[in-house]
Amino acid sequence: MARLRFAKLIVLPSWTNRIISRLSPSRDRASIVLGRSRITAIQVAPDTTLRWVREFNLRNRLFEKTPDPQQGSELIEALHEIGESITPAYLPVQVVLPDAAMHFRVFELDELPSGNSMQHELARWRLANDLGVPEDDLSVMCQNIGISRGKHLLLAQSIDKKWHHSLHDVFEKSGVEPWAMNCGAIYRFNYYIDILKETPGGAALIALDADCWSVSFWDEEHRLRWVRSRWHENTHRTWTEDLPSYYKVLASELERTIMSYVHGDAARSVGQLFVTGEKEAILALKAVLDQRLHAMSIPLSVDLAPFEADTESNSWQLALAQVAALSEIAS
């Protein structure tokens, strides 16, 4: 399967009309990870070494309630400083949102509506029904990903429309123009797709981030079929204080999620399980998962190059920032 290409459609249409050449291996790349209480931004050289890292702690947590002016002002200030560090100024920037800030579905359809507009309207209606919210509350993106057992597969994502518009506004005012904006699950799928292609049958990728966890499933044709994500119940500092206990609770929840996916359709399978995130954390989670599921999961991590940082690095978001910067997500 080709890399998912719809990610840039989360940016408003006036931005996507800009014609930007495909990222060249000889060019630097940049990414910004928006966590609930922290922003991590990097610029990566063509040899994948980090040119710089910028990190900001946020006083006003994101993605909890309706966006407010204080959050916007704080974001604009941080993004403006990040934008001044990006060289050259027109460098494409990948923006990463927490997986739990978005909703993901793959709809199996007898007939696929003709035209992007009708497909978006159908995706919006189906997502709103599934989530139990008004259609006008959602910003929706979708992509036709093929046919399975005679059914058309329409992959759809949504984000709260107020947050979508707020993010568009703060990026525009800061002077930083996102080339693509999506959740970490999509960037990771594209980054690791060559590894995933080597896995026969269906499989799953568990991601552990500072603010949330997610599990992504794909089928035997290596097409994403479902992403489930949840916020951590407590703040990052709180839940990381007793990781062994938390991993046991999380492993139980992940087991239920995997069983629910597999038993939902006789054609589904999870022949291999991958885990990714902060290196030390995923190795600890892997040990608990393997024991509970009686399986051997495979850890996937990014080896970060040495760099000079002005602040203590948050390795949880730094690894995801590098994945996003190096992902071929737009075309």
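The values are calculated or read from the model by the stated rules, or taken from the named source; none is laboratory data. Here the structure is a predicted model, which means the values were calculated and not measured. Here Cβ is always computed from backbone atoms with ideal geometry, including for glycine, and neighbour counts include all displayed protein chains.
Quick grid of which residues meet (1) under 16 Å from Trp213 (Cβ atoms); (2) of a type in the set (A, V, I, L, M, F, W, C); (3) modelled with pLDDT of 90 or more:
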{"residue": "Val249", "(1), (2), (3)": "yes, yes, no"}
{"residue": "Ser252", "(1), (2), (3)": "yes, no, yes"}
{"residue": "Ser260", "(1), (2), (3)": "yes, no, yes"}
{"residue": "Ala266", "(1), (2), (3)": "no, yes, no"}
{"residue": "Leu273", "(1), (2), (3)": "yes, yes, yes"}
{"residue": "His294", "(1), (2), (3)": "no, no, no"}
{"residue": "Ala309", "(1), (2), (3)": "no, yes, no"}
Checklist entry - Pairs, please: C-beta under 6 Å, at least 6 apart or cross-chain, first residue farther than 18 Å from Asp28 by Cα and touching a residue at least 60 places away in the same chain (Cβ under 8 Å) and in segment 76-99, second of a type in the set (Gly, Ala, Ser) and part of a strand (DSSP E or B)? => result Asp99/Ser214; Asp99/Ser229
Checklist entry - Got at least one residue in segment 90-113 being among the acidic types (Asp, Glu) and loosely packed, with under 14 Cβ neighbours inside 10 Å? => result yes
Checklist outcome for this item: Taking segment 129-151 and keeping only residues that are touching a residue at least 60 places away in the same chain (Cβ under 8 Å) and of a type in the set (Lys, Arg), one is left with Arg149
Checklist entry - For segment 17-122, which fully contained strands (runs of 3 or more DSSP E) count at least 1 residues that are touching a Cys at 6+ places or on another chain (Cβ under 7 Å) and closer than 18 Å to Met181 by Cα? => result 93-97, 102-109
Item to check | Filtered residues of segment 231-240 (kept if aromatic (Phe, Trp, Tyr) and modelled with pLDDT of 85 or more) | outcome: Trp231
Checklist entry - Restricting the first residue to segment 160-180 and requiring it to be among the β-branched types (Val, Ile, Thr), which pairs with a second residue that is surrounded by fewer than 21 Cβ atoms within 10 Å (Cβ to Cβ) meet a Cβ separation below 6 Å and a spacing of at least six or different chains? => result Val170/Gly72; Val170/Ile76; Val176/Gly83
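Okay, residues lined up against (1) buried (at least 23 other Cβ atoms within 10 Å of the Cβ); (2) part of a strand (DSSP E or B); (3) modelled with pLDDT of 90 or more; (4) hydrophobic (A, V, I, L, M, F, W, C):
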{"position": "Val140", "(1), (2), (3), (4)": "yes, yes, yes, yes"}
{"position": "Val170", "(1), (2), (3), (4)": "no, no, yes, yes"}
{"position": "Arg188", "(1), (2), (3), (4)": "yes, no, yes, no"}
{"position": "Pro200", "(1), (2), (3), (4)": "no, no, no, no"}
{"position": "Ile206", "(1), (2), (3), (4)": "yes, yes, yes, yes"}
{"position": "Glu220", "(1), (2), (3), (4)": "no, no, no, no"}
{"position": "Asp242", "(1), (2), (3), (4)": "no, no, no, no"}
Item to check | Criterion violated by Arg59 - all others in (1) at pLDDT below 90; (2) closer than 19 Å to Ser166 by Cβ satisfied | outcome: (1)
Checklist entry - Out of (1) surrounded by fewer than 21 Cβ atoms within 10 Å (Cβ to Cβ); (2) modelled with pLDDT under 90, the odd one out for Ile282 is which? => result (1)
